Amino acid sequence: MQNVILLNNLFNGDYVKKNIGGEIINIYQSDNNKYYIYINPYGNIEKKWDNRIKHVLFIRSVGNQIVKIIGKAKIKEQINCNAVFSKKDQNNITKEQEEYINKNNISYGGVKLSTLGSWSKFFLTFQATSIYKSKLDIYLAPKNNNLNFKNITILKNITRINNQSQKLYIEPIDENYNNLLNIINNADLWEEKPVDKVNSQKDNLIAKSFLSIIKKENDELVNSNLLAYFLENDQDFWSAFVEKVLEINIKEIKNNTPKITRETIGNIDLFIEVDKYAIVIENKIKSGINGVKKNGYSQLEKYIKEANEYCKESNKNIYYYILRPNYNNENYQKYDRRRMYKEIKYSKIYEIIKSCKKDLYFEEFKKVIKKHSKEYNNELFELMDARFLTQIKTELVRSFQKGNTYINIINKIKNKVSKILLKRFSL
C-alpha cells in the first residue's frame, strides 16, 4: 500500500561538486510530458519500502540540523524494485533501466536520459504524477531551539533529518506523518504550476560578479563597504532602503543624506547618522555572534553600549538591526537579551534594486545582493544545472554531426553509383 512519505536530501556530497547528480531530473519535466524521480544518492531505496512510497519531499540542508523543503512529488509508480546498489559496475546502467528508458522514450532537452551521464546503475526510481517547487519558505527541524522561522515544523523523536543515507521514511503511524501531510496538501506553500521541461536554448553560463571571481562574495567587510558606499551616494536607494528595508517612515531620515562610519565606533559594521537619529547595522554573512559570555553578554550588547555612549551628548534616537543573507539561518535572537535588534534580510534590499539600471559598479553590487537573497546557498545546484545543460547541448551537437556524417556517406555512395551507371550506359 502506498502511504509512506520519503524525505530526500538533494544537491549535497562530494560527488556533485564536480559531477552531475542524478537528482537534477527532479526539477524538470521530461520531454514525453511525464515526471520522473531520482532518489539521492544512488537512485534506489531500501527493499522494505518498495511500492510503499506515496509522496516525496525534496529537502536541502541549511545548517544547524535545519532543512528547507524545496519541492514535492506525488508518486505514481516505483520503477525499480529490489534495486541494490553496489560499487561493482556502478556506472553501468542496468538492462531493465535502459529498456524502460527506451520503451518510454525518456529524454531531457531532446537527449535520451541514458546518454546523460553515468550517475549510478539506476537513473530512475519513480514515475510521479507531478513535481512542484515550493513557493514559500518551509523548514523542518529535529528539535526546538527557539528557532525564529515562519513555516517551521519540528519533527518529534527524530535526532537528525539530513542523515548519512540522505533519506528519511515517515509512516502513517509516525507522530510526524500528519504534519508533513498537511504541508504537502497546503496549496499556498507550492507553485501553481508543476516544473517545466528543460530549455536547451537557455544560456548555461553561470552569472559571475567581479567579487565571485576574486572570492570575496562572502566577505563581510567588502559587502558592508559596498552597502555603505551606495547608501551614502545614491539618495533614491537610501530613501527606499529606509522605508522598505528598515521600515522607518520618518521624513528627516529618508530625505537627508546619511553619514556612515565603518568599524570605528565600537567595531559596529555600519553606524549611520541622520539628523537626530542613529542606525546600527550588524552585517552577518556566514558568521555567528562574537564575544559571547556565560551571562549572555555578546557583541550585540557591546554595540548597544557603544552606540549609547557615542550618542549621549547628541541624544539621538537609535535603531538596531542585524542584516543577514536569506540562507543564513543562525538564530541571532537568543543573543539579543533586551530585544533591541530587528532582523532584516538581503532579499529586502534586492527587491528595491533589482529593477534599477545604473553604472557597472551598481550592477556588480546587485549581483552580490542577489546571491545573498537566495533561500539557500545554491552555488552547487547552479553548477550542476549548468553542467546538465552543457551536456545536453554537447549531445545534441554530437548527434547532429553524426547525422551529417551518415548523410555524407550516403551521398558519396549515391555519387559513386551514379558515376558507374553513367559510364556503363553511355557506351
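For this structure, a couple of remarks:
- Given charges at Cβ of Lys, Arg, Asp, Glu: the chain dipole, positive-most of ILE281, VAL195, ILE158: VAL195
- Among the chymotrypsin sites (Phe, Trp or Tyr not before Pro) found in segment 20-120, those both in a DSSP coil and sparsely packed, with 15 or fewer other Cβ atoms within 10 Å of their Cβ, are PHE85.
- For LYS294 and THR129, a Förster radius of 51 Å and the Cβ-Cβ distance give a FRET efficiency of 0.40, rounded to the nearest 0.05.
- Approximate spin-label separation THR94-ASP275, in nm, with each point projected 7 Å along Cα-to-Cβ: 7.1
- Over 18 Å between alpha carbons, listed pairs LYS47/LYS103; LYS193/LYS370; LYS34/LYS68; LYS216/LYS367; LYS348/LYS370: LYS47/LYS103; LYS193/LYS370; LYS34/LYS68
- Projected label distance in nm at GLN201 and ASN178, using a 7 Å step from Cα toward the beta-carbon: 5.0
- Computed from the Cα positions only, the extents of the chain along the three principal axes stand at 113, 66, 37 Å, in decreasing order.
- Nearest-ten-degree value, helix 299-310 long axis tilted from longest Cα axis of the chain: 40
- FRET efficiency estimate (nearest 0.05) - Cβ-Cβ, LYS215 to ASN33, R0 41 angstrom: 0.45
- Summing Cβ point charges (Lys, Arg +1; Asp, Glu -1) relative to the Cα centre of the chain gives a dipole of roughly 1760 debye.
- Within the chain, antiparallel bridges make up roughly 60 percent of the DSSP beta bridges whose residues both belong there.
- Selection from ASN82, LEU226, TYR169 lying farthest towards where the dipole of the chain points positive, charges on Cβ: ASN82
- Directionally averaged projected area (convex hull, Cα atoms, segment 4-189), nm²: 10.8
- Summary of packing: across the peptides 171-178, 255-262, the per-residue average of other C-beta atoms within 10 Å ranks them, highest first, as 255-262, 171-178.
- Cα-based helix-to-principal-axis angle, 379-425 vs the chain, degrees rounded to 10: 30
Computed from the coordinates by the stated procedures, all read-outs in this text should not be read as laboratory data. Here the structure is a predicted model, which means the values were calculated and not measured. Counting neighbours? That spans all protein chains shown, and the Cβs are built from the backbone with ideal geometry, glycine included.
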